[in-house]
Every structure is written in C-alpha cells, then in structure tokens.
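I have placed the structure first, in the form of structure tokens, so that the comments after it can refer back to it.
The values are calculated or read from the model by the stated rules, or taken from the named source; none is laboratory data. Here the structure is a predicted model, which is why all the values come from computation and not from measurement. Heads up: the accessible areas ignore ligands, DNA and RNA and are worked out on the full protein's heavy atoms, side chains in. Shrake-Rupley method; radii C 1.70, N 1.55, O 1.52, S 1.80 Å.
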Amino acid sequence: MTENQQRLCAPESLHSQTGIPRRDFLRLGWTALAGVAVVEAGVVSVGFFLPRLSEGEFGGVFKCGAVDKFPNGSVTPFNEGRFYLVRTQDGGFLALYRKCTHLGCAVPWDQTKQQFICPCHASVFDQNGDVLNAPAPRPLDLFQVNLVGDQVQVDTSKQTRRDRFDPTQIVYPT
Ligand code: FES
C-alpha cells in the first residue's frame, strides 16, 4: 500500500473534518446541551408563574346568569370579576370595570343616589359609567358583554377605554 492509499484509508479526525479540535468540539456540544436545558427550564418556569385564567376568575369569562335575572335599571356587582353588570332602563347591558379612571380606586355603587362615587377623590359616575364629577378624566371602562342564548356572559380579558358614554356601547338581547 502506498503512502497515499494509507492516508485515504485512515479514519479522518474531527480536527480534519471541522477544523475544530476534538476536545473543543465536545465542549461545544455540552455547552449547547446545557443551553437547551436552561431554555427549557425557563419556559417551564414562565408557564408556572403565568396566571391560569379560568372561567369565573378576573381576566376570564363570567357566566352571569339568565337575562331575566337582571331587572331593568339594576346594577349588579360581580366582585370577583371587578365589574358591575348594568341593566339599562330600556333592557340593555353594560359591564363597567369598577376601577376609577382617575387613580384606580375601586368605585362602589351608591344605590340611594344611583351613582358610582369614588371614595378617594370624589369622582362621580352615572349608571352608564359616564363622568358626572371630575377629577376622573373619562368614563368607567367597559368589558365585553356577550349574550349567548338567554345567558349573559362578560369577558374580563380586555377592557375598553372610552371618551364618553355612547348608546351604541349597550348590548341588547335579541
Ligand atoms: S381615584 Fe377615583 S377620584 Fe381619584
């Protein structure tokens, strides 16, 4: 066998295949594996700490009950959902986020005065959530009301800001 034939038959080293010495190649492999493990652990941790939203929790969908359960002109608090379900005098629905649009205090409903009155700086809102008295700069935010058959559902995953009350914001049963 000539010297050239011997060279062709000899197993090639990693060094000659990749230009990287074998020890460095292995170290690179272990580093890559460790990196994958760290990323995987991070993904699992993030999943653990993210809120798990389910039905009936703030951030999820609330099944409020049948339309007939709410008389016209009523305001019903859903404390766990942080909203009020308003049934307007003409039978429509609004879901008002209870968070004051001034500095975020929880705003209670005053049944006697038929107003939402903020305990922090005395902003006043009417039954539609519109501002009657500053410093609140805008009406109470809305949550989406969905009427599924005769059932009222409120989706608290996203609130809608508004500059003023508009009747088109009311959701009516069909
Ligand atoms: S937080 Fe409601 S008026 Fe200031």
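Numerical summary
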quantity: Glu57, Glu80, reordered so the largest accessible area comes first (probe 1.4 Å); calculated: Glu80, Glu57
quantity: Reach of Lys113 by Cα under 27 Å, taken over lysines that are not fewer than 8 positions away in the same chain; calculated: Lys69, Lys99
quantity: Accessible area of region 50-131 divided out per residue, in Å², using a probe of 1.4 angstrom; calculated: 50
